[in-house]
Amino acid sequence: MNILVPVDFQKTSFAAYEYANNLAHELKAKITLMHVIDARLVYYESIGFEHLNSIKQTTYDRLQRFVNDVPREKDVRLKDVPLAYDVHFGVPGFTIASYIEDKDFDLIVIGVRDNLTLFNRMLGMTSTLVMNTVDIPMILIHENTRYVKPEKVVFAFDDEGELEDAVDTFKYLNNQLKATTQFVHVQQSDKESVTEQVDDIVEELMELKEPEFAFEIKTIRGKDVVKEIVDYCVFSKTDMLAMVHKKDNLLDRILNRSYSIQVANSLHLPILVLPEDDDD
């Protein structure tokens, strides 16, 4: 398995790297640390080709210091996992998206803070483009998140759309982690029906062979979907929250509502973002 960790050298980047390092150890995976030198801040004609190479080499050196020095400063002991570095010039959002599509990555781990300002800064206005065009899962990590081996996961879903691809992706990852999983739907009214979604979950989990983890599907009632999910994660002592990225869906409400993101950040829970079904 190959994991990509975009790095901008902030605290959130190290939190993402530390989490990815521990996860990679569990999954026997390889990590690639990537930094994008913002081309909008570099004047190519005035500094010359040799200077560009110098900037790139300096950034490689900085990535190595990020790996070797920051853990010592923070008194963090990292696992010994295969590690690669990559540096590119470009507009961060487009460059990251293009890089992901060109390489064989299975997972992205990225830091978030202050209402996702790091995520927005790294991906710019193309954050929607990245999530909508790259069909691999992402884990969003708050700067205060500390790695806990995922043993209990809440997979929140709503009553819209199909779940086959997302559940299939989740099954692949969780067959390795073997975390007990609760698929949870918050019912706001008696008119809601998740029969189709429940069928998708069961069919995908049981296809070919049974999953290597325990699971249950449950519905809870509440008026505020986001608050109910967050509260449920707190009271059930969840290690990870999983969601499907769809436009204007539950994930977007959590990521875009200031109260909700503050509560979610206070949990310091990793959020596994799964791509929605491909209609093609």
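Going down the table (Lys103/Lys237; Lys30/Lys103; Lys30/Lys149; Lys28/Lys149; Lys11/Lys227; Lys28/Lys56), which pairs top 24 Å between alpha carbons? Spell out each step's value before the answer.
Values: Lys103/Lys237 35 Å; Lys30/Lys103 13 Å; Lys30/Lys149 17 Å; Lys28/Lys149 14 Å; Lys11/Lys227 27 Å; Lys28/Lys56 29 Å.
The pairs that break the limit, which is 24 Å between Cα atoms, are Lys103/Lys237; Lys11/Lys227; Lys28/Lys56.
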Find how many whole Å separate the alpha carbon centroid of the stretch 68-112 from the alpha carbon centroid of the stretch 222-243.
29
Placing each pseudo-label 7 Å from Cα in the direction of the beta carbon, Glu216 and Gln187 end up separated by a distance in nanometres of 1.6
Sorted peptide list for 18-25, 147-154, criterion being average Cβ within 10 angstrom, highest first
18-25, 147-154
Spin-label point model (7 Å from Cα, Cβ direction): what's the Asp104 to Arg62 distance in nm?
3.1
Between Asp8 and Thr195, what is the label-point separation in nm under the 7 Å Cα-to-beta-carbon projection?
4.7
3J(HN,Hα) from dihedral phi, the stretch 154-168, Karplus parametrisation 6.51/-1.76/1.60, rounded to Hz, x for glycine, proline:
9, 9, 8, 9, 10, 9, 10, x, 9, 10, 3, 5, 5, 5, 4
Length gained if Lys30 through Asn144 is fully extended, taking 0.36 nm per residue and subtracting the Cα-Cα distance, is 38.7 nm
Assuming R0 = 41 Å, what is the FRET efficiency of Ser54 and Lys79, from their Cβ-Cβ distance, to the nearest 0.05?
0.80
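Sorted by average packing, counted as other Cβ atoms within 10 angstrom per residue and highest first, what order do 69-81, 168-180 take? Before the final figure, lay out the partial values.
Details: 69-81: 11.6, 168-180: 18.1.
Ranking, from highest mean packing down: 168-180, 69-81.
Could you give the length gained by full extension between Asp168 and Val202, i.e. 0.36 nm per residue of separation minus their alpha carbon distance, to one decimal place?
Details: separation 34, 0.36 × 34 = 12.24 nm, distance 1.05 nm.
The Asp168-Val202 span can extend by a further 11.2 nm.
Compute the Cα gyration tensor for the stretch 142-233, then decide on rounded, prolate or oblate, letting a ≥ b ≥ c be the square roots of its eigenvalues: rounded whenever a/c is under 1.5, prolate when a/b is larger than b/c in the other cases, and oblate in all that remain.
It is oblate, given that a/c is not under 1.5 and a/b is not larger than b/c.
Quick note: the coordinates plus some simple rules give every number you see, no bench work behind them. Bear in mind the structure is a predicted one, so any value in this text is a computation, not a measurement. Positions of Cβ are backbone-derived with ideal geometry, glycine not excepted, and every protein chain shown enters the neighbour counts.
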